[in-house]
Amino acid sequence: MLQAMSASPERGRGEALLGAVVFAAERFLDVPAWTDAAGEVLARLGPAVGAHRITLLQNEVAVDGSMSVNPVSEWCTKGFEKNLERAFVSGRPYEPGYERWISELGAGRVLQGRTDDFPESERGSFTMFGIRSVVLVPLFCGDQWWGFMGVDDCVESREWDPEVVHGLERAGAIIGAAIRRGQREGDMQQAEEKFRTLVEQVPAVIYVDRADRVATSLYLSPQIERLTGTTREEHLADPEMWLREIEPADRERWLTESQRIIERGFGEFSLEYRIRANDGRLVWVRDHAVLVLSDSGEPLYWRGVIQDITEQKRLEQTLAESEERYVGVLEASPHGVMIHAEGVIQFANDNVAAMLGAASPAALVGVPLLDVIAPDFRDVVSDRVRHQVDTGLPNPPQEQRMLTLQGTEIEVEVACAPLTHQGRPGGIAVVRDLSKRGDTERALREAEAKFRTLVEQLPAIVYMAEFDPAGSWLYVSPRIEEILGYTAEEWASNPNLFDERIHPEDEPDYRAAEAETRASGQPLMVEYRMLARDGHEVWFQDQAVAVRDASGKSLYHQGIMYDITEGKRAEEALVRGLQREQQAADGLRALEELRNRFLTAITGELRTPLTAVLGYSLTLARPDMELSAADREDIAARLAASARRLEKLLADLLDVDRLARGTLEAALTPINLGDLVRRVVADVDLGNRPVTVEIDPVVASVDGVKVERILENLLLNVARHTPADTHVWVGLHQADEGVLLIVDDDGPGVPDESKEEIFRAFEGVANTGALPGTGIGLALVAGFAELHGGRAWVEDRPGGGSSFRVLLTVAAREEARAAS
């Protein structure tokens, strides 16, 4: 190109253009941001090509996809107006009329020539700005069309020399490269800062250990100091420190489990154990890690997270240890660190002292902050300090120049955050030397990759999210897809997804815990269920900390979500097993009680008739015993009575068993219940007890045999449990529900605590009558009543005594109504 320009009639212009291009390449390398040199570069290019105006215009794409341009830098020769000073220039759309510019410039082709030769739809802008001839050079940032450079001749309608156009293209390429370089540096810094902040602020210790016997530390997040009181530098320098900190009783278990997974060659390490902190505290931790293998399948190292599961330290102890760790971190930082308050340096570490040429950090304490700032940047620094004090927000990293104590300016990058130092508002500044920019860029890429890999391979979901329902998710690690079936991109793009998938029964507890964390600043610790994409439930233990600005306002929270589904299932299975065991034990106790009551009741009841049968039978069998016919007839009658008692007892026992198993049914037939009641009252031996019968005319479909046994057992119950002179009343009445059978007496009555249990088999109260009892008669009364859709119960009789009542319903009710 230089040879061609030297042969051109416009040799002087060609040499000037070549010099401008070389100047642009050098100048963009010298400045931290390309915009700092853009004006100087355009000021060289304009005169070199004989232009009256050069403008750099950046594309802007709207939400609907439409494109417009905005001027970002401009040079103009004397006597011509700058487009940047015209308000209507910003945001001018390409369409309608300039579609050709999108296709041609977007494809990397230059548009140039006399403006009169351009299509009519494109001449409006040229006329508006007084342009007679133009060169439009596309600017690319990597593969992306960033915008274009407009080179205007506002006096002469000329054809542009090809070598001039070619030189402008070279200048456009250099400008695009400078823009791309600035974007890369910004992206790397933001990515590195994002992942470093995330790793170093989550409420857990994140680590990378070598897969050897003692798990030699390769990386530890700063939270290790909060957990153990020892710095990560100490752990990295002493491979066996962590093993020594494990409580001796748990140490062998830790070694066995980690070695087992290493020998197997795959799997996750998950163990809860105790460690002895540096201050003597016994701390319970949950250690969860994944084993990373080489391409050949050999174990390389562990990536994991250690969570403190003990109670939080008391506030005073936490503050004291935090202060000690905080000073240690600042002094051990690989970058320069300064703390300033009220415009004066209060603290400096060794690195910043070396950068500024101080003999020691103490030499900087008390020095005014602006004294170590280059004069050109003092206003900028003052504004940044004022901004962080007023808003409580950190200032992003910015490149600037500082002044050493010897008066030499140095290029640095400074990140600032608000800080209260000994009750005075101030800030902390992290200073990075930019003398080796290439090394810095490489370190940024490596750091970003390291922290990204570490966060994304942890066996838990790491996140940053705003408070409140529908708050934005600022980051979520890819582990969420493995656990819930949603990609990290899906989760972060839909702020309502968390509210839709949290289990409705658990959401109130989670919201309450979140609100408490936001209000008090205490760490979040809550368990809840989420519904995965396929609908299955996943239990989480969520631990997070609130991130606040200097004024105490909650900004967002950072945390880790652990999948504890298997643990919850084990807990539920244990609870169910204990419940079944308790039920079985209760059932065995009930059976044992029933057996004892049965044996107690039946033993005496069986012994009496069996003894009688045996005695009478032996009497009849004696050959030397001469009995009269009357005696033999009396003995036979007594044998028959005892046999009938045994038969009735066996029948009662069989009926109790059938009722318990639900195999007994009622054979319903229409019966005149009044006749049945009179017959049973006449047959039952009540001794000398006076009996009063009050009967309504009732015909009902009932099981007559069972109704007879109901009334018989009620009357025998009176005979067993009342004195001989007790008055008895028997009633049969129609009721709204059906038929009501009543047996009242003026005896001693039934205690309140026994009114329900006497209707259970082998229960009862003490006899006061002459007849023995089995304790199953009233149980049969209740069971037979239920077979008829009714029930049996006992009340206190007005005036004293008991009132036993049996209600027969369903068919009995219909027949009773028909009879009436």
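The values are calculated or read from the model by the stated rules, or taken from the named source; none is laboratory data. In this text the structure is predicted, and so the values were computed from the model without any measurement. Cβ: placed from backbone, ideal geometry, glycine included. Neighbour counts: every protein chain shown. Please note that ligands, DNA and RNA were not included when accessible areas were found on the heavy atoms of the full protein model with its side chains. Shrake-Rupley method; radii C 1.70, N 1.55, O 1.52, S 1.80 Å.
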Of the conditions (1) among the hydrophobic types (A, V, I, L, M, F, W, C); (2) outside any loop (DSSP other than H, G, I, E, B); (3) open to solvent by 20 Å² or more (accessible area, probe 1.4 Å), ALA724 fails just one. Which one is it? (2)
Name the residue that is surrounded by the fewest Cβ atoms within 10 Å (Cβ to Cβ), counting only residues in segment 233-247 that are out of contact with any Lys or Arg (no Cβ under 9 Å at 6 or more places or on another chain) and not charged (D, E, K, R). ALA237
Looking at segment 392-408, which of the residues that are modelled with pLDDT under 90 and either assigned to a loop (DSSP other than H, G, I, E, B) or touching a Ser or Thr at 6+ places or on another chain (Cβ under 8 Å) (or both) is least open to solvent (accessible area, probe 1.4 Å)? GLY392
What residue, of ALA48, ALA37, is at pLDDT 85 or above, farther than 20 Å from GLY182 by Cβ and either surrounded by 15 or more Cβ atoms within 10 Å (Cβ to Cβ) or among the aliphatic types (A, V, I, L, M) (or both)? ALA48
Of all residues being without any contact (Cβ under 8 Å) to a residue 60 or more places away in the chain and more than 16 Å from SER382 (Cα to Cα) in segment 331-346, which is surrounded by the fewest Cβ atoms within 10 Å (Cβ to Cβ)? Just the residue, please. PRO334
Taking the residues in segment 418-446 that are within 30 Å of GLU489 (Cβ to Cβ) and within 35 Å of the chain's Cα centre (by Cα) as candidates, determine which candidate is modelled with the lowest pLDDT. LEU444
Within segment 418-427, the count of residues that are in contact with a helix residue (DSSP H, G or I) (Cβ under 8 Å, 6 or more places away or on another chain) and open to solvent by 30 Å² or more (accessible area, probe 1.4 Å) comes to 2
Return yes or no: is GLU122 under 23 Å from ALA415 (Cα atoms) and part of a helix (DSSP H, G or I)? no
Filter segment 780-803 for residues that are among the hydrophobic types (A, V, I, L, M, F, W, C) and open to solvent by 30 Å² or more (accessible area, probe 1.4 Å); the one that is farthest from GLY662 (Cα to Cα) is TRP793
Looking at (1) under 19 Å from ARG286 (Cα atoms); (2) open to solvent by less than 60 Å² (accessible area, probe 1.4 Å), which is the one condition that is false for ARG569? (2)
Taking the condition open to solvent by 10 Å² or more (accessible area, probe 1.4 Å), charged (D, E, K, R) and farther than 18 Å from ALA51 by Cβ, does GLU169 pass? no
Considering only segment 199-210, how many residues are open to solvent by 20 Å² or more (accessible area, probe 1.4 Å) and assigned to a loop (DSSP other than H, G, I, E, B)? 1
Just one of (1) in a loop (DSSP other than H, G, I, E, B); (2) closer than 16 Å to LEU42 by Cβ trips up GLY97, so point out which. (2)
LEU136 is checked against (1) touching a strand residue (DSSP E or B) at 6+ places or on another chain (Cβ under 7 Å); (2) over 25 Å from ALA33 (Cα atoms); (3) surrounded by 17 or more Cβ atoms within 10 Å (Cβ to Cβ) and fails just one. What number does that condition carry? (2)
Would you confirm whether or not segment 690-704 contains a residue that is of a type in the set (Gly, Ala, Ser), out of contact with any Asp or Glu (no Cβ under 9 Å at 6 or more places or on another chain) and at pLDDT 80 or above? yes
Output the residue which, of all residues in segment 447-506 that are part of a loop (DSSP other than H, G, I, E, B), modelled with pLDDT of 90 or more and among the acidic types (Asp, Glu), is most open to solvent (accessible area, probe 1.4 Å). GLU505
Unmet criterion (only one of (1) of a type outside the set (A, V, I, L, M, F, W, C); (2) modelled with pLDDT under 85; (3) open to solvent by less than 40 Å² (accessible area, probe 1.4 Å)) for LYS553: (3)
Taking segment 374-416 and keeping residues under 47 Å from the mean Cα position of the chain (by Cα) and hydrophobic (A, V, I, L, M, F, W, C) leaves PHE377, VAL380, VAL381, VAL385, VAL389, LEU393, MET402, VAL412, VAL414, ALA415, CYS416
Test ILE224 against the stated conditions and say whether it is of a type in the set (A, V, I, L, M, F, W, C), farther than 17 Å from VAL285 by Cα, part of a helix (DSSP H, G or I) and at pLDDT 85 or above. no
Can you confirm whether segment 614-621 contains a residue that is part of a helix (DSSP H, G or I), β-branched (Val, Ile, Thr), open to solvent by less than 40 Å² (accessible area, probe 1.4 Å) and modelled with pLDDT of 70 or more? no
Within segment 51-83, considering residues that are closer than 19 Å to SER125 by Cα and in a loop (DSSP other than H, G, I, E, B), the one least open to solvent (accessible area, probe 1.4 Å): ALA51
Go through segment 530-550 and count every residue that is in contact with a strand residue (DSSP E or B) (Cβ under 9 Å, 6 or more places away or on another chain) and surrounded by fewer than 19 Cβ atoms within 10 Å (Cβ to Cβ). 8
Just checking, does segment 689-698 include any residue being outside any loop (DSSP other than H, G, I, E, B), within 21 Å of GLY777 (Cα to Cα), of a type outside the set (D, E, K, R) and in contact with a strand residue (DSSP E or B) (Cβ under 9 Å, 6 or more places away or on another chain)? yes
Quick check on VAL214: is it under 24 Å from VAL455 (Cα atoms), open to solvent by less than 60 Å² (accessible area, probe 1.4 Å) and in a loop (DSSP other than H, G, I, E, B)? yes
Scan segment 791-802 for residues that are under 19 Å from LEU673 (Cβ atoms) and of a type outside the set (D, E, K, R) and report the count. 1
